[in-house]
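Chemist: Got a structure for you, questions after.
Throughout, read-outs are computed from the coordinates displayed, never taken from laboratory work. As the structure is a prediction and not an experimental result, all values here were calculated from the model. Positions of Cβ are generated from backbone atoms using ideal geometry, with glycine treated the same way; all protein chains shown enter the neighbour counts.
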Amino acid sequence: MKARVTVTLKNGILDPQGKAIEGALKSLGVNGIASVRQGKVFDIELNGADAAKAEEALKAAADKLLANTVIENYRVEVLS
Amino acid sequence: MKSAVLVFPGINRERDMARALKLASGQESTMVWHAETSLPKGTDLVVVPGGFSYGDYLRCGAIAARSPVMDAVRKFAADGGLVMGVCNGFQILCESGLLPGILMRNAKLKFLCHDVHLRVERSDTAFTRGYNAGQVIRVPIAHGEGNYTADVETLKRLEGDGRVLYRYCSPTGEVGDMHNINGAAASIAGIVSEKGNVLGMMPHPENHVEDIMGCTDGRGLFAGLVEHLERAA
């Protein structure tokens, strides 16, 4: 089973990397970008076919390691 | 003072730390590998040194914070043992839940490697006993992620409980945006835990302890720890 965990910075947390990317896009002439916030994507393969169990394992993974919930939110998706 | 210095893959300041500890206490520290599940018997102080544990993968200190030895450190700290984390060690202590908040990328995205001035906020703690309150010391920094952040409630509590021990400042002790080298909340360079027995700080006091280093302002921290333990004994 394939899954994806997306980790993003919480609202209100300053994101200097996102700001730098935003600035770089502007200087490259990519128009229409209002703002950029960067984050992380984890593509994970799971053993077994139980989607509910998979989601539980992924939430545990995100809470214990993948995200620091002081500053980050995460989203778990079981893809197939 | 019987000290244990933790060693993780990618850590590189453990020898500097051991040298400073020996200079202050006259005793060799024990190097403790991350896979250990216990600390040496009779340990007075656990030090988490600086470096780049696990190549800073995922988040600085995130993987080291979840290694077996950290369970022993959590227990040691819960029993009131003294723990000190410097630079990557501070990041590891935050990630392990021993200290609140997190160290984010420096506000201007640059790796900073130079001397800074710190104002010692109080002198009545195990980690500042060797200084006077308000004293300014000069110590080096070397970090890319030293921008301390926590939620508003935590910051209020840190300030209210006097848990900010070191702040970035000017050579004469003024605190402000101009001297806040990495953008840290309230110019925070070092904090202690609620019980006052766990310190985390970004600057490296261990690198200013001998005349050959050009400055000995870091000595006070180590001398203060030795004195604290002697008084407690």
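Chemist: Suppose the filter is in contact (Cβ under 8 Å) with a residue 24 or more places away in the chain, within 14 Å of chain A (Cβ to nearest Cβ) and under 17 Å from the mean Cα position of the chain (by Cα); does B:Ala223 pass it? Walk me through how you get there before you give the answer.
Modeler: Working: in contact (Cβ under 8 Å) with a residue 24 or more places away in the chain: yes; within 14 Å of chain A (Cβ to nearest Cβ): no; under 17 Å from the mean Cα position of the chain (by Cα): yes.
It is false that B:Ala223 is in contact (Cβ under 8 Å) with a residue 24 or more places away in the chain, within 14 Å of chain A (Cβ to nearest Cβ) and under 17 Å from the mean Cα position of the chain (by Cα).
Chemist: Assuming B:Thr216 fulfils every condition listed in (1) in contact with a His (Cβ under 7 Å, 6 or more places away or on another chain); (2) touching a residue at least 24 places away in the same chain (Cβ under 8 Å); (3) more than 20 Å from B:Gly51 (Cα to Cα) apart from one, which condition is it?
Modeler: (2)
Chemist: For segment A:1-20, which positions are at the interface with chain B (Cβ under 9 Å from one of its Cβ atoms) and of a type in the set (S, T, N, Q)?
Modeler: Correct list: A:Gln17 only.
Chemist: Also: Answer yes or no as to whether B:Asp16 is within 15 Å of the chain's Cα centre (by Cα), away from chain A (no Cβ under 13 Å) and surrounded by fewer than 23 Cβ atoms within 10 Å (Cβ to Cβ).
Modeler: Yes; evaluated as a whole, the condition is true for this residue.
Chemist: If you don't mind, there's one more thing I want to ask. Out of the residues in segment B:26-65 that are among the polar types (S, T, N, Q) and in contact with a strand residue (DSSP E or B) (Cβ under 7 Å, 6 or more places away or on another chain), state the one that is farthest from B:Glu230 (Cα to Cα).
Modeler: To start, the set of residues in segment B:26-65 that are among the polar types (S, T, N, Q) comprises B:27, B:29-30, B:37-38, B:43, B:53.
Pick out the ones that are also in contact with a strand residue (DSSP E or B) (Cβ under 7 Å, 6 or more places away or on another chain) and you get B:29-30, B:43, B:53.
Numbers: B:Ser29: 17, B:Thr30: 19, B:Thr43: 14, B:Ser53: 32 Å.
If we take residues in segment B:26-65 being among the polar types (S, T, N, Q) and in contact with a strand residue (DSSP E or B) (Cβ under 7 Å, 6 or more places away or on another chain), then B:Ser53 is farthest from B:Glu230 (Cα to Cα).
Chemist: Further question on the same structure: State all residues of segment B:38-69 that are more than 13 Å from chain A (Cβ to nearest Cβ), surrounded by fewer than 22 Cβ atoms within 10 Å (Cβ to Cβ) and over 22 Å from B:Ala189 (Cβ atoms); if no residue qualifies, say none.
Modeler: Across segment B:38-69, the qualifying residues are B:Ser38, B:Leu39, B:Pro40, B:Lys41, B:Gly42, B:Thr43, B:Asp44, B:Gly55, B:Pro68.
Chemist: Please specify each residue of segment B:70-106 satisfying the condition of being within 13 Å of chain A (Cβ to nearest Cβ) and charged (D, E, K, R).
Modeler: Answer for segment B:70-106, where residues must be within 13 Å of chain A (Cβ to nearest Cβ) and charged (D, E, K, R): B:Glu95, B:Arg105.
Chemist: Now for a separate question. Being facing chain B (nearest Cβ under 10 Å) and in a helix (DSSP H, G or I): is that true of A:Lys26 here? Step through it out loud before you land on a result.
Modeler: Working: facing chain B (nearest Cβ under 10 Å): no; in a helix (DSSP H, G or I): yes.
Judged against the criteria, A:Lys26 is not a match.
Chemist: Do you know which of the residues in segment B:107-154 that are surrounded by fewer than 21 Cβ atoms within 10 Å (Cβ to Cβ) and of a type in the set (S, T, N, Q) is nearest to the other protein chains (Cβ to nearest Cβ)?
Modeler: Selected residue: B:Thr149.
Chemist: Applying the selection to segment A:28-80, what residues are surrounded by fewer than 15 Cβ atoms within 10 Å (Cβ to Cβ) and small (Gly, Ala, Ser)?
Modeler: If the condition is that a residue be surrounded by fewer than 15 Cβ atoms within 10 Å (Cβ to Cβ) and small (Gly, Ala, Ser), then A:Gly29, A:Gly32, A:Ala34, A:Ser35, A:Gly48, A:Ala49, A:Ala51, A:Ala52, A:Ala60, A:Ser80 are the ones that fit.
Chemist: Which of the residues belonging to segment A:48-59 are free of Cβ contacts under 8 Å to residues at least 12 places away in the same chain and more than 16 Å from A:Arg4 (Cβ to Cβ)?
Modeler: In the first step, residues of segment A:48-59 are kept if they are free of Cβ contacts under 8 Å to residues at least 12 places away in the same chain; the result is A:50, A:52-53, A:56-57.
Passing the criteria: A:Asp50, A:Ala52, A:Lys53.
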